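As structure tokens, the structure follows; a few thoughts come after it.
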Amino acid sequence: MPRIDSIPPEERPGAPRVSFFTLGCRLNQHDTAAMRSDLANAGWSAPERGGAAGSDVAVVNTCTVTRRADQVSRQMIRRIAREAPGTRIVVTGCYAQRAPEELRGLPGVALVLGTAERERIAAWLPAGDEAGRDRSGASDAAAGVSVSPGRARRAGLAAAAAPLRFGRTRALLKVQDGCDTFCSYCVVPY
């Protein structure tokens, strides 16, 4: 079963609320912690642990290392759409990088961010009056068209390093994105 994380419990009256659902590896756990910290710094708040109900946005950080991982990601997205129909779903992670159009077609999905865009999630999900607006009609980049991490860095889109907030006793240190070892079962290098 996937881990469900939430932004630290600072409740801000009237602030938009976000929940996180992390699938896959420790790298995804790190990326979720970074997104959580960015959104907390941008004024977002989180509901009590346990699901997306009551959230304005649910962020699903996906995995795509196998077909089964893709299936679990789609099931998670459909479950959130079913259990919290008013919640806008933002999908990010490796599956979102590999197959953004496939994910955009799922119920409740408002935004698909590739691996480079998730580093700037607070820019895609502004707090305040714009928090509830659908960005799907925005530019290609805002609609989740994937950009390679190298191209994003060259364009100056890489997020500045900031201290992360962790709800755990161990911190994760990100040392790479992806892998170039072509294992027979894995789609990541492709």
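The values are calculated or read from the model by the stated rules, or taken from the named source; none is laboratory data. Here the structure is a predicted model, which means the values were calculated and not measured. Cβ atoms come from the backbone with ideal geometry, glycine included; neighbour counts cover every protein chain shown. Side chains included, ligands, DNA and RNA excluded: accessible areas come from the protein's heavy atoms. Shrake-Rupley method; radii C 1.70, N 1.55, O 1.52, S 1.80 Å.
Here are the numbers for this structure:
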{"read-out": "Residue list for region 67-80, filter: surrounded by fewer than 19 Cβ atoms within 10 Å (Cβ to Cβ) and either under 17 Å from Arg118 (Cβ atoms) or in contact (Cβ under 8 Å) with a residue 24 or more places away in the chain (or both)", "value": "Val72, Arg74, Arg78"}
{"read-out": "Filter result for Arg120 (within 22 Å of Arg67 (Cα to Cα) and either open to solvent by 50 Å² or more (accessible area, probe 1.4 Å) or at pLDDT below 90 (or both))", "value": "no"}
{"read-out": "Test result for Arg153, within 21 Å of Leu27 (Cα to Cα), open to solvent by 70 Å² or more (accessible area, probe 1.4 Å) and modelled with pLDDT under 50", "value": "yes"}
{"read-out": "Selection within region 81-108 - farther than 10 Å from Val59 by Cα and of a type in the set (A, V, I, L, M, F, W, C)", "value": "Ala81, Ala84, Cys94, Ala96, Ala99, Leu103, Leu106"}
{"read-out": "Ala158 being closer than 25 Å to Trp44 by Cα, aliphatic (A, V, I, L, M), at pLDDT below 90 and not in a helix (DSSP H, G or I)", "value": "yes"}
{"read-out": "Enumerated helices (runs of 4 or more DSSP H) restricted to region 38-112, each holding at least 2 residues that are under 19 Å from Arg26 (Cα atoms)", "value": "67-83, 94-98"}
{"read-out": "Selection count, region 56-69, where residues are in contact with a Cys (Cβ under 8 Å, 6 or more places away or on another chain) and either closer than 14 Å to Ala110 by Cα or at pLDDT 95 or above (or both)", "value": "1"}
